[in-house]
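Here's the structure we're looking at; comments come further down.
The values are calculated or read from the model by the stated rules, or taken from the named source; none is laboratory data. As the structure is a computational prediction, the values presented were derived from the model and not from experiment. Here Cβ is always computed from backbone atoms with ideal geometry, including for glycine, and neighbour counts include all displayed protein chains. Side chains included, ligands, DNA and RNA excluded: accessible areas come from the protein's heavy atoms. Shrake-Rupley method; radii C 1.70, N 1.55, O 1.52, S 1.80 Å.
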Amino acid sequence: METATINNNFKSEEYFINMGPQHPATHGVLRLLLTIDGEIIKKVEPDLGYIHRSIEKMCERDSYQQIVHLTDRMDYLSSHINNEAVCLAVENALELEVPERVKVIRTIIDELTRISSHTLWWGVMGMDVGALTSYFYGFRDREMINDIFEETCGARLTMNYNIPGGLMQDIHPNFVKRVKEFIAHFKTKLPEYDKLLTGNIIFQKRTKGVGVLSKEDAIAYGASGPVARGSGYSCDVRKHHPYSALDKVSFNEALHTEGDSYARYLVRIQEMWESVSIIEQLIDNIPEGDFKVATNAVIKLPKGEYYQKVETARGELGVYIISTGGKNPHRMKFRSPGLSNLSLLNHITVGGKIGDLVATMATIDIVVPDIDR
Amino acid sequence: MYSSLIITNNIHSWVLSLMPAAVTGITEMMMIAMIYLTVFAVLGLFLVLMERKVAAWFQLRIGPNRVGFFGMFQTIADALKLLSKELTGTDKADKFLYNLAPYFLIISSLMALAVFPFSENLQAFDINIGIFFLIAISSIGVIGVLLGGWSSNNKFALIGAMRSGVQTISYELSVGLSLLTMILLTGSLQLSEIIEVQKSGWLIVQGHIPAVIAFMIYMISGTAETNRAPFDMVEAESELGAGFHTEYSGMKFAYFFLAEFINMFIIAAIGTTVFFGGWLSPFGITESIPWLGVFWFLLKAFALVFLMMWFRWTFPRLRVDQLLTLEWKYLLPINLFNIVLMAIIVWLNFTIQF
Amino acid sequence: MTNQEIKELITTWFSGPESAHLEFTEEGSQFLNLSIDPEYLHELMSWLKTNNKTSFDYLFCLTGVDWGKELGVVYHLESTSHRHIIVVKVQTSDRENPVFDSVQDIWPTANFHEREVFDLFGIKFKGHPNLKRLFMPEDWEGFPLRKDYEDEVNMVVK
């Protein structure tokens, strides 16, 4: 029979399927409207807003010290980095020079946060492609970081450790020792990640050539973070616009050019190694000094516009403050990496299978509160 | 009929003294059915516990450890919970098929258990087409999955069921062909006969190279047929939620769940019987104590079960098209080639026998 | 390119910079700011993207702003090859029916961000293929991020 005749006799119909808001692969309350033909995806339309809290509106009501605490709840896996973004923006606006000690501690905790976020991502990535064991391996290592955070700032996830002008309190006396312990431990465990997942033939088959994003598209869709770096677009804010103590350390920007899910996976694995190296460079040289500089109880930013970008575990977070000189911002905008990264989901998953969609979504590494804000 | 009921020898005369000969047969069959049902319900529960313990061991966890000694009664508690749960269902489900589906699965897996020789004298039903019967029965289960997925009126369940249909039909071939390779060695489909042949060496040794290939193919396709990871396309919780049994709850869900674990045992038991000498002890070390056959059988079967659990807790899941590629482009041609190889070896008498 | 060079280059694109209300400022911001009449927005944006000397190919932030009387949109653009940054601003005093040109055909990322601005500010984008609410429910009344938005139930005002 001719192909045309076959197609005529066996008509296939597209149908809709609702993935989420409660679904194991959407990592939170994301809803995807899928149009599929059998197993093949024809269209992916994200439906957002299930955890929209209008943080930007709340910011217009709150003082700058209070705003810091709202940012924890955006990308909760990079909470410390989010805090830092706001603090840096405020400090730059006030032209406040924070002590070296603060800068170094901030950077160390940033990188620990990044490792913690990436280990969680690695575990969930494995789970999304069906290897459940990786989840527990990731959590084992993440646990040690959370313990360090708990000891130093009292919270394990939403840390609130930064304030405009420095840190909430000084580091715990055990901090240096425990970070060193963790680094020694993690360096032996990271190769285990490769053994369990990276080299696995099924894993490679599932991710290589899946969800391919070209460099041009990555830029056009505003991708950032490991998603863009997996496509070869050098966009690491830590390299291009160094902040805190990042100008004192040397590290390589993880770059891969293939643009598929496997490249994004490798970028994150490599980033963990780079973060380890950054911490190693700083942990022995934490300068003595104050852990904060005094600011006014009511911070008033001069009239003007301030933009601060930082590199969270998911990509470039921008904080855009428009101040009219008052104690609240006139307008506060968070440029979240998640929203831009999610917007390319339809572009790179169409034509793949449902399994590809799940693997691709895992490597885009979305955190839904970060998208919804 | 009576001759095939080997384990009844002793009970038979006792029952015969109580009632007329015409009723005895039926009574005995009922008794055996009851015993088997009980034993395998417990076996299913034990397998669930074992899986959870093994998984915990792989995943740096402790696993169930609260109910009973080392959590021994955890799965019994779970079963009681499932029994007492409300049976929910979708409004627009095809009620008849929806309720029927779990029974297809559980009955087909319990039926398959009837033919295994657990030791020389412990076999309920020794038919001369044993292997054939097993293959035939094990493919009935997929009807339950298809019905369950179709009648639930849920798209995720439907996708899961369709995947299952595709998968089971494909891998059925490989299971059948790899067992057929071994049949060339034994010359019989009867399970007791197959074990008899292995008294001069387990088949995996007798058939050496092609037998090892056949065993590997058998384990891969056997895992696929039980819908377990890395072939758990049917459930694929990160893709389809729970796949074909998304809409089932309570005891109906438990039937699906139990059937999966019993199926795993069946695959392991067939593997034990066909490749590893069934209840035969290694080198005949306990030949003088016949009842130890049960021990050896279970030991070998659980070793294979453990192997399947090992697969599950280390491998990622394949994609549905990769699954079919693996079967049709790799396993099937290798299998066909393997049969020819085995035939040549049997023909030229290259087998290893002690 | 330095800010001064960008400024001069952009000025040459317009025959009459006054008619386009082209205004440059670096005051109160770390970037070069450029505000323009909404009429000329799309034209300017495609030039900024396609011109080899500017090639602003990375739209990293798209913000809706309520200035009190006017509604506006702020575009943060970066060039991935030259690594310079420009901020483009448009605003309109029409609060009932504010319309700007959509730039999602120039940068696909604007698709979601423009929907967000539409959702929270009620600014419409001409030429957007799928302009509907992004976060809020379809039947939500009002635009929450506007300064005159009032919601006695959900808003805690201090």
Task: Residues of the stretch C:106-143 with amide N under 18 Å of a point placed 7 Å along Cα→Cβ from A:F16 - done: C:130-140
- [ ] Show which aspartates and glutamates lie in cross-link reach of A:K11 when reach means a straight Cα distance below 17 angstrom and same-chain residues fewer than eight apart are skipped.
- [x] A:E2, A:D37, A:E39
Open item on the list: Can you give the FRET efficiency to the nearest 0.05 for A:E150 and B:F337, using r as the Cβ-Cβ distance and R₀ = 56 Å?
Closed with: 0.40
TODO: Name the residue, out of C:W140, C:W67, C:W107, whose mean-square fluctuation peaks in a Gaussian network model built on chain C with Cα pairs under 10 Å.
DONE: C:W140
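From the cross-link list C:K89/C:K147; A:K303/C:K69; B:K95/B:K155; A:K309/C:K132, which pairs have alpha carbons spaced over 21 Å apart? Don't skip to the end; give the middle numbers.
Values: C:K89/C:K147 19 Å; A:K303/C:K69 18 Å; B:K95/B:K155 17 Å; A:K309/C:K132 29 Å.
Beyond 21 Å: A:K309/C:K132.
Quick one: accessible area per residue over chain A, 1.4 Å probe, rounded to a whole number of Å²? Don't skip to the answer; put the middle values down first.
Working: 12490 Å² over 373 residues.
Solvent-accessible surface per residue comes out at 33 Å².
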Task: Solvent-accessible area lost in complex, 10 Å² minimum, residues of the stretch C:95-118 relative to chain alone, 1.4 Å - done: C:P108, C:T109, C:F112, C:H113, C:R115, C:E116
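Grab the beta carbon distance between A:K239 and C:F31, set R0 = 22 Å, and tell me the FRET efficiency rounded to 0.05.
0.70
Which length gain, in nm to one decimal place, applies between A:E143 and A:Q66 when the Cα-Cα distance is subtracted from 0.36 nm times their residue separation? Spell out each step's value before the answer.
Values: separation 77, 0.36 × 77 = 27.72 nm, distance 2.81 nm.
Using 0.36 nm per residue and subtracting the Cα-Cα distance, I get 24.9 nm.
Do the alpha carbons of any pairs in A:K189/B:K300; B:K53/B:K329; A:K57/A:K239; A:K353/B:K329 sit beyond 25 Å of each other, and which pairs? List each step's numbers first, then the result.
Values: A:K189/B:K300 34 Å; B:K53/B:K329 36 Å; A:K57/A:K239 32 Å; A:K353/B:K329 20 Å.
In this structure, A:K189/B:K300; B:K53/B:K329; A:K57/A:K239 exceed 25 Å between Cα atoms.
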TODO: Hey, can you find the accessible area per residue of the stretch C:3-126 for me, probe 1.4 Å, expressed in square angstrom?
DONE: 39
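Counting only protein heavy atoms and rolling a 1.4 Å probe, how much accessible area do C and A lose on contact, total for both sides, in Å² to 100? Mind dumping the intermediate values first?
Working: alone 9070 and 15440 Å², together 20980 Å².
That pair of chains buries around 3500 Å² in total.
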- [ ] Give me the aspartates and glutamates in straight-line cross-link reach of A:K205: C-alpha distance below 12 Å, same-chain residues under 8 apart excluded.
- [x] A:D260, A:D356, B:D321
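Quick check of the Kirkwood formula: for the stretch B:113-220, what is the inverse mean of 1/r over all pairs of different Cα atoms, in Å? Walk me through the numbers before you get to the answer.
Working: mean 1/r = 0.0641 Å⁻¹.
For the stretch B:113-220, the Kirkwood estimate is 15.6 Å.
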- [ ] With a bin width of 5 angstrom, please list the P(r) values of the stretch B:203-288 as percents of all Cα-Cα pairs, from the 0 bin to the one holding the largest distance.
- [x] 3, 12, 17, 18, 14, 11, 9, 7, 5, 3, 0
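Using the reciprocal of the averaged 1/r over all distinct C-alpha pairs, how large is the Kirkwood radius of chain A in Å? Walk me through the intermediate numbers first.
Details: mean 1/r = 0.0466 Å⁻¹.
Kirkwood radius, chain A: 21.5 Å.
Pairs of Cα atoms under 8 Å, at least six residues apart: use those to get the relative contact order of chain C, whole percent. Walk me through the numbers before you get to the answer.
Working: 252 pairs, mean separation 26.4, N = 158.
Reported as a whole number, the value is 17 percent.
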Open item on the list: Please give the Cα centre distance for the stretch C:50-91 versus the stretch A:280-343, rounded to the nearest Å.
Closed with: 20
TODO: Would you mind computing, in nm to one decimal, how far apart the modelled labels at B:S288 and B:T88 are, each placed 7 Å from Cα along Cα→Cβ?
DONE: 6.2
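Buried accessible area for the B:A pair, summed, 1.4 Å probe, in Å² rounded to 100? Don't jump to the answer; show the numbers that get you there.
On the way: alone 17070 and 15440 Å², together 30030 Å².
The summed interface area works out to 2500 Å².
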TODO: Mind giving me the FRET efficiency for A:N296 and A:V176? R0 is 30 Å, r the Cβ-Cβ distance, nearest 0.05 is fine.
DONE: 0.40
- [ ] Quick one, can you get me the convex hull of the C-alpha atoms of chain C expressed as volume per residue in Å³?
- [x] 129
Open item on the list: If you average the alpha carbon positions of the stretch B:54-69 and of the stretch A:128-206, how far apart do those two centres end up, in angstrom?
Closed with: 24
Task: Gain upon complete extension [C:R95, C:H21; 0.36 nm per residue less C-alpha separation] - done: 24.7 nm
- [ ] Quick one: Debye curve from the alpha-carbon atoms of the stretch B:43-149 only, equal weights, vacuum; give me log10 I(q)/I(0) at q = 0.10, 0.13, 0.23 Å⁻¹ to two decimals.
- [x] -0.47, -0.77, -1.11
TODO: Could you pull out the longest piece of chain B with no exposed loop GluC sites (Glu not before Pro) in it, calling a site exposed if DSSP puts it outside H, G, I, E, B and it has at most 16 other Cβ atoms within 10 Å?
DONE: B:87-286
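Might you tell me the accessible area per residue for the stretch B:203-284, computed with a 1.4 Å probe and given in Å²?
In whole numbers, the stretch B:203-284 has 22 Å² accessible per residue.
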TODO: Using protein chains only (no ligands, no nucleic acids) and a 1.4 Å probe, work out which residues of the stretch A:294-309 have their accessible area cut by at least 50 Å² relative to the chain alone.
DONE: A:E305, A:Y307
TODO: Between the alpha-carbon centers of the stretch B:307-354 and the stretch A:85-114, tell me the distance in whole angstrom.
DONE: 59
Task: Reduction of at least 30 Å² in accessible surface, 1.4 Å probe, comparing all protein chains with the chain by itself, residues of the stretch B:298-319 - done: B:W313, B:T314, B:F315, B:P316, B:R317, B:R319
Open item on the list: For the protein assembly as shown, what does the convex hull of the Cα positions come to per residue, in cubic angstrom?
Closed with: 219
Task: the protein assembly as shown - percent of accessible surface contributed by carbon and sulfur, probe 1.4 Å - done: 61
TODO: Take every Cα pair under 8 Å in the stretch A:52-372 that's 6+ residues apart, average their separations, divide by the length, and report that relative contact order as a whole percent.
DONE: 27
Task: For the stretch A:98-238, alpha-carbon Rg over 2.2 N^0.38 Å - done: 1.23
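Can you give the helix-only mean residue ellipticity at 222 nm for chain B, where every DSSP H stretch with n ≥ 4 adds -39500 (n - 2.57) and the sum goes over all residues, rounded to the nearest 500 deg cm²/dmol? List each step's numbers first, then the result.
Numbers: 15 runs with 234 residues, N = 354.
After summing the helix terms and dividing by the residues of chain B, the value is -22000 deg cm²/dmol.
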Open item on the list: Please check: in the Gaussian network model of chain B (C-alpha springs, under 10 Å), which one of B:G187, B:G144, B:G160 has the largest mean-square fluctuation.
Closed with: B:G187
TODO: Please list the radius of gyration and Dmax for chain B, considering alpha-carbon atoms only, with Å as the unit.
DONE: 21.0, 64
